[in-house]
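Visitor: Take this structure, written in structure tokens, and hold onto it; I'll ask about it next.
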Amino acid sequence: METLPTTTVSSCKSERRGRSSKYQNTSKPSVIMAFFSCVAWLYVAGRLWQDSENRVILNNMLKKNYDQKPKVLTVDDKLMVLGCKDLERKIVETEMELTLAKSQGYLKSGPSSGKSLLAVIGVYTGFGSHLRRNSFRGSWMPQGDALKKLEERGVVIRFVIGRSPNRGDSLDRKIDEEDRARNDFLILENHEEAQEELPKKVKFFFSAAVQNWDAEFYIKVDDNIDLDLEGLIGLLESRRGQDASYIGCMKSGEVVAQEGGQWYEPEWWKLGDEKSYFRHAAGSLIILSKNLAQYININSGSLKTYAFDDTSIGSWMIGVQATYIDDNRLCCSSIRQDKVCSVA
């Protein structure tokens, strides 16, 4: 019997070993690549899942904040949160006490040279009143060295005027030139000189006078009267030390409610059904003691003005502890020999 060649079997075995070895060599890198692919896929999947979770959380937060409308905190709420409620109350109380002290003359709101003057007299004037001013300077109102000597006696006199509606124009320049030559003006820089602004002018005058001079009395005088200056000084000397003095020719009278009529008061309806003015000093000459003038200075921004300056001052005096002094020597139509003023 013939036997199979052994070389054939050996050859087959060798061939199988070769194939197996080749297959093993090619599958190893594939396994490694597959492993890293799985790791990469798991990492990406994890990141996507985490991002998805973050988006869900963020979306819930936004929805929650959107559904909850924010609370609007008042000033009181904020003060309560900060624990400042008591502090705020103490500040308000202190400010009220300070204002009261100033209004009663316990605190000086203007400069002081160490010596209190007797009076500051403000004579109202306007841009077209140059001739009238010169007439006053030649009659009852001192000028030059005589004006300085009067100030040494404790009496300051100044013409009172505001500024032109067209700031810096020829009207303002003429007043500035006259003031440089005469040195007898109190120019109200923040006041616009106009007929309809006269009630406001009185606030600016008393405020400026208090801030510039420390005096016992502050006096507003119209430019249509002649003063008996020595008689006025004597009257003031007799009233020294009388706080809260509101001095003048006292009157009341009907409130004119008809538009276009003389002395028309646009806000007549605020003055009661009887349409009668409260008691007040006539506008030609009004005297206020220091603490009343200081009261106007302190509260100038909130004081109500009416159509006329004398009734405006009268309305302010109603609200304070003022002593009304009716002196008929200040009624400028008086014909008494000892009159203080007379109609020019």
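The values are calculated or read from the model by the stated rules, or taken from the named source; none is laboratory data. Values in this document were obtained by computation on a predicted structure and should not be read as measured data. Neighbour counts run over all protein chains shown; Cβ positions are idealised from the backbone, glycine included. Side chains are part of the model used for accessible areas, which takes the heavy atoms of the whole protein and leaves out ligands, DNA and RNA. Shrake-Rupley method; radii C 1.70, N 1.55, O 1.52, S 1.80 Å.
One line per residue, one yes/no per condition, for (1) at pLDDT 95 or above; (2) more than 26 Å from the chain's Cα centre (by Cα); (3) more than 24 Å from LYS220 (Cβ to Cβ); (4) basic (Lys, Arg):
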position	(1), (2), (3), (4)
LYS78	no, no, yes, yes
LEU82	no, yes, yes, no
LYS102	no, no, no, yes
SER112	no, no, no, no
VAL155	yes, yes, no, no
GLY162	yes, no, no, no
GLY168	no, no, yes, no
ARG173	yes, yes, yes, yes
ASN190	no, no, no, no
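Visitor: Next question, about the same structure. Does the stretch 250-269 include one or more residues that are closer than 29 Å to LYS115 by Cβ, modelled with pLDDT of 90 or more and open to solvent by less than 40 Å² (accessible area, probe 1.4 Å)?
Guide: no
Visitor: Sticking with this one: Can you name every residue in the stretch 121-150 that is open to solvent by 60 Å² or more (accessible area, probe 1.4 Å), touching a helix residue (DSSP H, G or I) at 6+ places or on another chain (Cβ under 7 Å) and touching a residue at least 60 places away in the same chain (Cβ under 8 Å)?
Guide: Across the stretch 121-150, there are no qualifying residues.
Visitor: When the stretch 322-344 is examined, which residues are found to be closer than 28 Å to ARG132 by Cβ and either part of a strand (DSSP E or B) or modelled with pLDDT of 95 or more (or both)?
Guide: CYS341, SER342, VAL343
Visitor: Could you grab me the full set of residues in the stretch 130-153 that are more than 21 Å from GLU237 (Cβ to Cβ) and either within 37 Å of the chain's Cα centre (by Cα) or assigned to a loop (DSSP other than H, G, I, E, B) (or both)?
Guide: Correct list: HIS130, ARG132, ARG133, GLY138, SER139, GLN143, GLY144.
Visitor: A follow-up question, please. Limited to the stretch 270-297, what total is found for residues that are at pLDDT 75 or above and not in a loop (DSSP other than H, G, I, E, B)?
Guide: Count: 15.
Visitor: For the stretch 158-257, which helices (runs of 4 or more DSSP H) that fit wholly inside it have 1 or more residues that are free of Cβ contacts under 8 Å to residues at least 60 places away in the same chain and within 22 Å of ALA146 (Cα to Cα)?
Guide: Ranges flagged: 170-182, 229-238.
Visitor: Mind checking which residues of the stretch 204-238 are touching a Ser or Thr at 6+ places or on another chain (Cβ under 6 Å) and at pLDDT below 95?
Guide: ASP222, ASP223, ILE225, ASP226
Visitor: Say we look at the stretch 307-321 and pick out the residues that are open to solvent by 40 Å² or more (accessible area, probe 1.4 Å), outside any helix (DSSP H, G or I) and in contact (Cβ under 8 Å) with a residue 12 or more places away in the chain; which of these is nearest to LEU198 (Cα to Cα)?
Guide: PHE308
Visitor: Residue under question is ARG153, and the condition is that it be charged (D, E, K, R) and open to solvent by 70 Å² or more (accessible area, probe 1.4 Å); does it hold?
Guide: Yes: the conditions hold for ARG153.
Visitor: Which of the residues spanning the stretch 194-211 are within 15 Å of GLY314 (Cβ to Cβ) and open to solvent by 20 Å² or more (accessible area, probe 1.4 Å)?
Guide: Answer for the stretch 194-211, where residues must be within 15 Å of GLY314 (Cβ to Cβ) and open to solvent by 20 Å² or more (accessible area, probe 1.4 Å): LEU198, LYS203.
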